[in-house]
Structure formats: C-alpha cells, structure tokens
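In what follows, a structure is listed as structure tokens, so that the remarks can point back to it.
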Amino acid sequence: MGIEERAAPAHFEDAKLLGALTREAPMGIVGLDTKGTIVAWNPEAERIFGYVGVEVIGKTIRDLLGPDTDADPGALVSQLDPTSPQSFTAPCVRKDGARFHCEWLFRALRDEKGELLGRAAFIRDTTEETETRATLAAERRFLRRMLDNTPLVLWSTDKNGIFTLSDGAGLRALGFAPGEVVGMSAFEVYRDVPEIVGAIRGALAGTFSTTLAATNGTVWECRYIPITREDGGPVEGVLGVALDVTERVEAERTLRRQLDLIAQQEGAIRTLSTPIARVWEGALALPLVGTIDGARAEQILATLLEAVVREQAHYVILDMTGIGEVDATTADHLFKVLRALGLLGATALVTGVNPGVATALVGLGVDLGSVVTLGNLEEALRYVMKRRAGKPRRAPAPSAHRV
C-alpha cells in the first residue's frame, strides 16, 4: 500500500521515487497540512499504530497520543521553522488499545520559494528503549541507594592497576571521598596492605579471589573480579567489591571465645561430676550424685579407669548415697562400670544404697550377689583397711652400702 494523501501536489521530479521512499521507509511518516491535520500516512505508520490511512486522515496527532501525555503536539508544530525541528517522546495508543511509546520528530516542509507546504512527522516505536531506560534508571537508583547506605566500596582499575572507579559509603572508613583515588595506582594506594596488592595482581592475571584484609582498623571482605570483554579474552582491568565485615569478624571472635569458655566450663563440670578421691593406699572413692545418663556414664568410666591404672588401685568405693532413684538405664550404666573395674583387677565396693534404690534394683532383676555392698563410706574404708592390713608389706630394696 502506498502513501495515502488527501491533497499533495508533487514537488519531486520523480513521483514514483517519492512513493517508494515513503513505502519502504523504516519509520512511520505522517504528513500534516498547514493546520496540523493528518493528510498522509505511510505503511510503517500503519504498522506502528494499527490504523489504515483512511481511518486517520483528517485527524490530528493528539488523537494518536495516550490520555496521560503531557506533550502538546499542536504547539510544537506551530513553532516549527526550517532550522529548528521539534521532537518529543510520549506514550501513544494503538487501535487495539495497547499502550506503547513513540519518538516524534517534526520538520517543516517548504517549497523552493520558502512557502510552507505542510509538516512531516517521523515516528519511531521506542517502547523497548523506553522500558530499558526505565529499568536502567531503576537499577541506578537501587545501586545508588546501596552504595550510599551500605558499608561497602565498589571500585575498578584498568589493566595497569589505575583506579577508574571508587564509590560507596565504605570509603569513609578508609578516609577517602568517592572518586578521590580515580587516576591513582592501586598498588601505591595499598602498598602497605600486601593481601590487597597480591589479589589485584592475581585478578589482572585472570584469577578471581576473595580475601579478608585489615586496614585503618577495619576488616574488609574483598572480591577481585577480572574484567574481560568475552570469556577467555584478555584481562582489561579489575572490578572489586569490598564489604566492611568488622562487626561480623568481631562477633565471630566473641562467639569463639564464648564457645571456648563453655568447653572449659563443661570440662570443669565433668571433673566435678566425677570427683575421684584417693582415700587409702590402693583405694579410690567416687561419690555418685544425681542421674547417670549415657554421656555421664562414659565420662565416669573413662575417668575412673584412668585413675585406677594411674593409682594402681585395688579397691574402688562407689558411694550411691546421692542417688535417689534408679531406672533400668542407670542400673545398666552402673554395672558396666563395675564389670570394667573387675577386668582391671580392682574390687568394687558399693555403699549408700538406700531401701528405695535397693528395691528398684531387685525389681529390675539386677543381681547384687557378686557385688560387695556396705552401708556407708566408713564401713567401706574399714573393709579396705582390714584387707590391706592382712597383706605383707613390700620389703625395702637392699642397700649397696656395706659396713
């Protein structure tokens, strides 16, 4: 379909050429008369707006714009002169009601004598560009807010290590203003921080890295990203992101100190929960208090057996005065300890078994017949002393001195 027009005297010698130009033009072309009324409409304008020529001829540009458009095309058209074309970008409405954006460029059309023939509007659909610009603007605002309100530094260098970008609220901790180090050598600025210098050199050699570096009392988590135009291409610079992690590092150190303290306290508690005492030569005593669960039974067993070997003990007194009740689990743990003592050749003496515990042990089917049980710690000590007294003392080693 050629350009449709109501009245357009030919001013080109070749009218066919004019028709071909308007038909094949990659942009919409709208012809306006001296009053601003649409008198011509090419195929690209039809594609952009969805109207065929007969549907728009006789209308004005304003009829094609969206209701929320602020631009006044009539005023722009009236201000046209040969040397100052007018343009604007505005939301428009297609025939099907769809909204989109267009860029309009108006030019005055005059004859050889300078008489005004009309105006021409050249139209380009800029919806994608407008949306892209809006997205980029939103991303820039987000980046700006992040840089202004987050303790980080965003920077970059060229292939020689010269700063080309330096921005972010974190610069205050370094004593720099945004852009202050641009044009300076990163190797010179951070000559006293070998971790940073080494990582930048590594990034310029193509190695991505993350490091922790301390400077001016601040700890930074730094990422060094080689800049290339394409994967595997030559490195053209380094993009860096440095985040102030001083508070996080200090919190981690505090947590480690607290965990170490807790571990020390747990060790002290375990020691206190297994208070083994040497009550006589070759005799140890262990008062049992509270509930004996699996973890505590393992602690008692390990500590007690180690003490038996170290002290060469023949007797171990297990005082159960502090145990108010016994269940099957506690009984099982207790007799594991007794059996282990027997394997080391030590005699276990159980004292302080109250009637309730004794009844519970019998009810659980525990056989106490093979275990020496005594009423209290005093009786156990007498038992040990009597047995120890009946054994002959070891003779002293002969002296090498002769009289």
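The values are calculated or read from the model by the stated rules, or taken from the named source; none is laboratory data. Everything numeric here is computed off the predicted structure, so don't read it as measured data. Counting neighbours? That spans all protein chains shown, and the Cβs are built from the backbone with ideal geometry, glycine included.
For this structure, a couple of remarks:
- Residue within the stretch 234-255 that is among the hydrophobic types (A, V, I, L, M, F, W, C), assigned to a helix (DSSP H, G or I) and either exposed (fewer than 11 other Cβ atoms within 10 Å of the Cβ) or in contact with a helix residue (DSSP H, G or I) (Cβ under 9 Å, 6 or more places away or on another chain) (or both) present: yes
- A Cβ distance below 8 Å, combined with a sequence gap of six or more or placement on separate chains, defines the contacts here; from the stretch 21-32, residues that are in the same structural domain as Tyr51 (by TED's automatic domain parsing) and more than 15 Å from Arg107 (Cβ to Cβ) reach residues that are among the β-branched types (Val, Ile, Thr) and buried (at least 19 other Cβ atoms within 10 Å of the Cβ) in the pairs Arg23/Ile3.
- The one condition from (1) at pLDDT 85 or above; (2) surrounded by fewer than 15 Cβ atoms within 10 Å (Cβ to Cβ) that Phe100 does not meet is (2).
- Pair list, Cβ < 7 Å and 6+ apart or interchain, from the stretch 179-191 residues that are closer than 9 Å to Gly161 by Cβ to residues that are among the polar types (S, T, N, Q): Ala186/Thr157
- Scanning the stretch 302-352 for residues that are more than 16 Å from Ile292 (Cβ to Cβ) and exposed (fewer than 15 other Cβ atoms within 10 Å of the Cβ) yields Glu306, Val309, Arg310, Gln312, Gly342, Leu343, Leu344, Gly345.
- Of everything in the stretch 73-93 that is over 20 Å from Gly31 (Cβ atoms) and under 50 Å from the mean Cα position of the chain (by Cα), the residue that is modelled with the highest pLDDT is Val93.
- Members of the stretch 209-228 found to be out of contact with any Asp or Glu (no Cβ under 7 Å at 6 or more places or on another chain) and over 22 Å from Pro151 (Cα atoms), listed by number: Pro226
- Cβ pairs under 8 Å, 6+ apart, first in the stretch 202-217 and touching a residue at least 24 places away in the same chain (Cβ under 8 Å), second small (Gly, Ala, Ser) and assigned to a loop (DSSP other than H, G, I, E, B): Leu204/Gly161; Asn216/Gly175
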